[in-house]
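Undergrad: Take a look at the following structure, please.
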Amino acid sequence: MTERYEDNKHESSEIAVEGEEASMLEGEGGDSFSDLISQRISMLTASFSQGWSFQAEEADDLEVTVQSERGRPDALDETSCSVLDQTLTLSEEPLPCQDPPAVTLNGPHAVAVLSGGISCIVIADCWGNRMLLTTREGMEFCAIGKGGEGHVDGRVEETSFNGPHGLCVNSRMELFVADAYNQAVRRVSSIRINVEAKSMEDLVHADVVTIAGHGAKGHVDGPVGECKFCYPHDVLFQDMDGAEHLLVADFDNNCIRKVFITNGVGEHVVTWAGSNLSKPGLRDGSIKEALFNHPGGISADQSGENIFIADTYNHAIRHITRDEDRNWTVTLIAGSRSGQSGFEDGEGESARFNCPTGLAVVNEQEILISDFSNSAIRLLRRVRGDWLVTTVVGKTSKDSEGRMLPESGYVDGPVDQARLNRPHGVAWDEASRSVLIADCMNHRIRRVQHGHVSTLV
C-alpha cells in the first residue's frame, strides 16, 4: 500500500513534542562564566569516554581535535561481505539503552557528522527551524538559529531558518543546509569555541550566509540572486578539478540543480539533471534526458564520480555516473521501473521502497537509505556487480486482510526488534562505526551500533 510522503510545515507544527529544553549555557546558582566554559568543554570531552582522546591548544579560538584510540578497523579480507558487518551484528555484550538527554527535537529531517576542529553531530531540526549540535553521546552543545520561522543571515544566535532539511559537510568542515521553506541553500562556517569570550554570545563562533535562493519559489536558473528553487530537500558539496559546486535535490522541481561556488560564495545556478520544465517522470539516460519524481536525497562516494539519488515518489534509487565517453548518465539501480511502492528486499529492480528520502554512502559499494513510509533503514550493497537491497531496521506484518504493512513505533533494542517512525535522514559515522538516524515522527536521533538500536537524542 502506497503512503504518499507528506512534508507540510503547517500540519507538522501541530505535533506535540514531550520533554524539556536543556541549554548547556544556563548555569545554576553562582556559577561563574569560566565555570560554564569549563563545563561546556568537559561535556564535549565526556562524549569520547569510550575510546576517544581529547586534545586542545589555547589560541584566539580553541581548536578541538578528536582522535580515536581504537584506530581504524583491520582491512577486510576477501571473505568479508560488508564494512557494516560489525555495526549490524549483535555483540556478545550489547550496549545498554540509556535515557536520552533532555533535548527537545521537532521533526528532525537530517543528521550529519562533523569531525574537524570540533567533533560533533549536527541535526537539522526541521519543524524546530534550527540546527542543533551535540556531542557524539547526545549532549547538546550549540543551537544554530533562534527557532522561529525566518530567513536571517548572521551569527549563530542571530540567524533563522524555515524548515531545514538536508545537510552536507565539506573538507573545511563548512556545513551546507537545504533550507526548504525558505527556498534557499545556506552555508554555516566552521564552528569555533572562543576560550577568551567575555559573554555568552561570544562563546561559539560561526556565521550563516545564504548561498542561493531568496524565499520565492519557482524554477529559474541564473545568478544566485535571481534563481528560484521549489522546496530544496538535500545538498551535496563537490570539489571537482578544483572547481567547487553544490548539487541540490530540488524536490518539487523534479530535478537536480547545480550551484557554482567561489570562495564560499554562490555565483550561478543551472538545472544539472532532470527536466528544466519541472516535469516529473521515470526515465534513464543522459542527465538532460533523465526524469525524476520529487528527488529527496542526494549523496556521493569519496571520488564524487558515483552520485546516488533517493527518487522519492518513484520509490527508487538512481545512480548518476560517467559513461565511457565521460558523459554523466542516470540509471535506476534499485526499485520498480513502474514506480511501484512496497517493502521487499532483493536484487535491484525486484526490491521495493516506499518514499525513500535520505541517503548515506558508506563507500562505493554500500549505501544506507532512509525508507520513510516503510519506517525502515535499508542497505543497498553491490555484490559481484549486482545491487542487493536488505533491511537494517524495520519490519512488516499482516493486517486483517492479509496485506503486508510496515510496522512503525518507538522501540530500542536488537535491530530485529527495534522500531522507527518515519525516518527521514541517515548518516554513517566512520569514527564510531555506527549508523545515525533522524527518526522524524519519533522526534529522536537513533543510533545503530553492535547490532543494537538506541536513542541518542
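Undergrad: Before anything else, pin down the relative contact order of segment 300-456: Cα pairs under 8 Å, at least 6 apart, normalised by residue count, whole percent.
TA: Contact order relative to length: 15 percent.
Undergrad: First compute the accessible area of segment 235-338 with a 1.4 Å probe, then give the percent of it belonging to carbon and sulfur atoms.
TA: The C+S portion of the solvent-accessible surface of segment 235-338 is 45 percent.
Undergrad: Give, rounded to the nearest 20 debye, the magnitude of the charge dipole that segment 300-456 has about its Cα centre when Lys and Arg contribute +1 at Cβ and Asp and Glu contribute -1 at Cβ.
TA: Dipole size: approximately 400 debye.
Undergrad: Another question about this same structure. If you place +1 on the Cβ of every Lys and Arg and -1 on the Cβ of every Asp and Glu, how big does the dipole about the Cα centre of segment 241-328 come out, in debye to the nearest 20?
TA: Values: 8 positive and 13 negative charges, 57 e Å.
Dipole about the Cα centre, nearest 20: 280 debye.
Undergrad: Find which of 454, 441, 423 sits farthest along the positive direction of the dipole of segment 417-457, computed with +1 on the beta-carbon of Lys and Arg, -1 on that of Asp and Glu, about the Cα centre.
TA: 441
Undergrad: Still on this structure, I have one more. Among 351, 328, 370, whose Cα lies farthest out toward the positive end of the dipole of segment 300-456, if unit charges sit on the beta carbon of Lys, Arg (+1) and Asp, Glu (-1)?
TA: 370
Undergrad: Taking a ≥ b ≥ c as the square roots of the eigenvalues of the Cα gyration tensor of segment 337-457, is the shape rounded (a/c under 1.5), prolate (a/b larger than b/c) or oblate?
TA: Oblate, because a/c is 1.5 or more while a/b does not exceed b/c.
Undergrad: Now for a different question. What is the dipole size for segment 341-429, taken about its Cα centre, with +1 at each Lys and Arg Cβ and -1 at each Asp and Glu Cβ, in debye to the nearest 20?
TA: Value, rounded to 20: 100 debye.
Undergrad: So, taking all protein chains as they sit and a 1.4 Å probe, how much accessible area belongs to residue 343, in Å² rounded to tens?
TA: Approximately 40 Å² of residue 343 is accessible to the 1.4 Å probe.
Undergrad: Per residue, how much accessible area does segment 300-456 have with a 1.4 Å probe, in Å²?
TA: Ligands and nucleic acids excluded, the result is 35 Å² per residue.
Undergrad: Apply the Karplus curve 6.51 cos²θ - 1.76 cosθ + 1.60, θ = phi - 60°, to the phi angles in segment 137-147 and return the couplings in whole Hz, x for Gly and Pro.
TA: 9, x, 8, 4, 10, 6, 10, 10, x, 7, x
Undergrad: Could you pull the accessible area for residue 233 with a 1.4 Å probe, rounded to 10 Å²?
TA: 10 Å²
Undergrad: Given H placed 1.01 Å from N in the peptide plane, which residues other than close sequence neighbours of residue 254 have an amide H under 5 Å from its amide H?
TA: It is 294, by chain and number.
Undergrad: Would you work out which of 392, 414, 306 lies farthest towards the positive end of the dipole of segment 300-456? Charges go on Cβ: Lys and Arg +1, Asp and Glu -1.
TA: In segment 300-456, that residue is 414.
Undergrad: For the pairs 146/258; 146/217; 228/258, note any where the Cα-Cα span goes beyond 18 Å. Walk me through the intermediate numbers first.
TA: Numbers: 146/258 29 Å; 146/217 23 Å; 228/258 12 Å.
Among 146/258; 146/217; 228/258, the Cα-Cα distance tops 18 Å for 146/258; 146/217.
Undergrad: Skipping prolines and chain starts, which residues have an amide H placed within reach, meaning under 5 Å, of the one on residue 155, given they are 5 or more residues away or on another chain?
TA: So residue 155 has HN proximity to 208.
Undergrad: Counting only the heavy atoms of the protein chains, how much of residue 146 is accessible to a 1.4 Å probe, in Å² to the nearest 10?
TA: Rounded to the nearest 10, that gives 140 Å².
Undergrad: What list of ³J(HN,Hα) values in whole Hz, one per residue of segment 239-245 in order, does the Karplus curve 6.51 cos²θ - 1.76 cosθ + 1.60 (θ = phi - 60°) give from phi, with Gly and Pro shown as x?
TA: Taking θ as phi minus 60°, the curve returns 10, 10, 6, x, 10, 8, 7 Hz for segment 239-245.
The values are calculated or read from the model by the stated rules, or taken from the named source; none is laboratory data. Note that this is a predicted model, so its numbers are computed, not measured. As a convention, Cβ positions derive from the backbone with ideal geometry for all residues, glycine included, and neighbour counts pool all protein chains shown. Accessible surface is based on the protein model in full, side chains and every heavy atom, while ligands, DNA and RNA are left aside. Shrake-Rupley method; radii C 1.70, N 1.55, O 1.52, S 1.80 Å.
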